[in-house]
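Working notes, beginning with the structure itself.
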Amino acid sequence: MSIEKQLAIFCRYGEKGASSRVRFFRYRPFFERAGITPLYHSFFDDAYLQQLYSGGGRSAAALPRGFFRRLRELRQTPPDTPLLIEYELFPLLWEWCELLFLKNRKFFLNFDDPVWEKYAKIPTLRSKYDSLVSRAAGVIVANDLLFDRFSKLNPRIIKIPTAIDLDRYTAAGSGEKFKKFTIVWIGSPATFHYLNSFQRVLREMSAHCDFELLIIGKKSWGALPGIPGYSVDWSEETEAELLSKAHLGIMPLPEESFAKGKSAYKLIQYGGAGIPALASAVGENCQIIEDGKNGFLCRTPEEWTQKLLTIFHNADLRKEMGKAGFQKAQEWSLAANAPKLIEFIFGGAL
């Protein structure tokens, strides 16, 4: 099909940023096959992320640099081109000012986290996302909490999970498992604190079960104190293979407002890799995990240990749960969700 339409995608990061990569960039081939040219415009550049992830902190120059770049790219975007925006056009900018830039534009907003929490203590920004959502042509959300909140403000809303390329996981799943029982956690520096704060429970789990903890993120994190295991650098080329070689995936979360609104992408990845999962009974985790079928939901430290031992001692159960997770992952694939996303934005206009 010849290219007839364009979609201007104003995301927060480039492909090195996890949220932007999985919510926007991975849809590129699906857009193109549908005759749509996706034009990607990131607010923060790769240098900003590299400094942030290496422990160098946030660059003071990144915000004004992003503002000027975004202004230029917005001016260059034809007025009849629809915009797909990750959260907002301009971080920390007042809602009335941002709406001036969006005047007479058809724009869609995409959310995978409860980002309004970040502005909760800033009176001039507290209502920004609600104002943008109420004026958007449509809203795309990753989980039920986001859907429930924003559907009250805009009836044109759709839930699109943070999807995976299931073909990559299928190809990787034919390999051998690690020789030692391996629990895996995968995530970015932005979410590593959830695992770090879970150390006490993991140490209790390791006292009852002989396992290794594989952390996929940054090799420099090393092993958590008192917990057998190691860390490796994340790579798009190796993530599916490493996940498939593990025996069990985990997603611990605290009982707090921001965590309740997170998409359960780790659990979706574990399902794609065909491994069972243990997860905190928090937020979207409860939608992804069918308790006792593709994993277990845990509410107390004792439950984490008990459910781990149940999976550890029963290879047949692991296999059954892994198959159930993979079957459910069909719903979470890019191939299943790309047509829904394209139809939502363009309707019958293609």
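The values are calculated or read from the model by the stated rules, or taken from the named source; none is laboratory data. Every value quoted in this text rests on a predicted model; they were computed, and no experiment measured them. FYI the Cβ positions are ideal-geometry reconstructions off the backbone, even for glycines, and counts take in every protein chain you see. Heads up: the accessible areas ignore ligands, DNA and RNA and are worked out on the full protein's heavy atoms, side chains in. Shrake-Rupley method; radii C 1.70, N 1.55, O 1.52, S 1.80 Å.
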Based on alpha-carbon centroids, what's the gap between region 239-269 and region 310-350 in Å, whole number please? 14 Å
Most fluctuating of GLY222, GLY295, GLY249 in the GNM of the chain (C-alpha, under 10 Å) is GLY222
For a test of the definition: using alpha carbon positions, the gyration tensor, and the 1.5 limit on a/c, classify region 178-278 as rounded, prolate or oblate. rounded
Accessible-area value, LYS340, 1.4 Å probe, nucleic acids and ligands omitted, Å²: 100 Å²
Potential lengthening between ALA120 and CYS209 on full extension [0.36 nm per residue; Cα-Cα distance subtracted]: 27.9 nm
So what is the calculated 222 nm ellipticity per residue for the chain, using -39500 (n - 2.57) for each DSSP H run with n of 4 or more, over all residues, to the nearest 500 deg cm²/dmol? -11000 deg cm²/dmol
Heavy-atom SASA rank of PHE296, PHE147 (probe 1.4 Å, accessible area, largest first): PHE147, PHE296
Hey, what did the chain get for relative contact order, percent, Cα under 8 Å, at least 6 apart? 14 percent
Among all the lysines, which ones have a C-alpha under 27 Å from LYS5's C-alpha, if same-chain residues fewer than 8 places away are not counted? LYS16, LYS103, LYS106, LYS159, LYS340
Given (1) -0.76, -0.86, -1.13; (2) -0.63, -0.76, -1.33; (3) -0.79, -0.93, -1.41 as possible values of log10 I(q)/I(0) by the Debye sum over Cα atoms at q = 0.10, 0.11, 0.15 Å⁻¹, the one from the coordinates is (2)
Placing each pseudo-label 7 Å from Cα in the direction of the beta carbon, ARG156 and ARG33 end up separated by a distance in nanometres of 2.6 nm
Residue-wise, which Karplus ³J(HN,Hα) couplings in Hz belong to region 244-251, taking 6.51 cos²θ - 1.76 cosθ + 1.60, θ = phi - 60°, and x for glycine or proline? 5, 7, 7, 9, 7, x, 10, 9
PRE zone check, label point 7 Å out along Cα-to-Cβ of LYS180, amide N under 18 Å, scope region 305-328, hits 309, 312-313
Largest-first ranking of TRP94, TRP304, TRP116 by accessible area, probe 1.4 Å, whole protein assembly kept, is TRP94, TRP116, TRP304
Sort ARG156, ARG21 from largest to smallest accessible area, using a 1.4 Å probe on the heavy atoms of the protein chains. ARG156, ARG21
What does the C-alpha gyration tensor say about the overall shape of region 1-130? Classify as rounded when a/c is under 1.5, otherwise prolate if a/b is larger than b/c, or oblate. oblate
Given 0.36 nm per residue, what is the gain on full extension from ARG58 to GLU256 after removing their alpha carbon distance, in nm? 68.8 nm
Convert each backbone phi in region 66-71 into a coupling constant with the Karplus relation 6.51 cos²θ - 1.76 cosθ + 1.60 (shift: θ = phi - 60°), then list the ³J(HN,Hα) values in order as whole Hz, x for Gly and Pro. x, 4, 5, 5, 5, 4
Cα centroids of region 52-69 and region 130-187: how far apart, whole angstrom? 26 Å
Which whole-Hz couplings ³J(HN,Hα) result when phi for each residue of region 199-215 is put into the Karplus expression 6.51 cos²θ - 1.76 cosθ + 1.60, θ = phi - 60°, listed in order with x for Gly and Pro? 4, 4, 5, 5, 5, 5, 5, 5, 6, 10, 8, 8, 9, 10, 9, 9, 10
Using 7 Å Cα-to-Cβ label points, what is the GLU331/LYS103 separation (nm, one decimal)? 4.4 nm
Gain in span if fully extended, ARG72 to LEU317, counting 0.36 nm per residue against the direct Cα distance: 82.7 nm
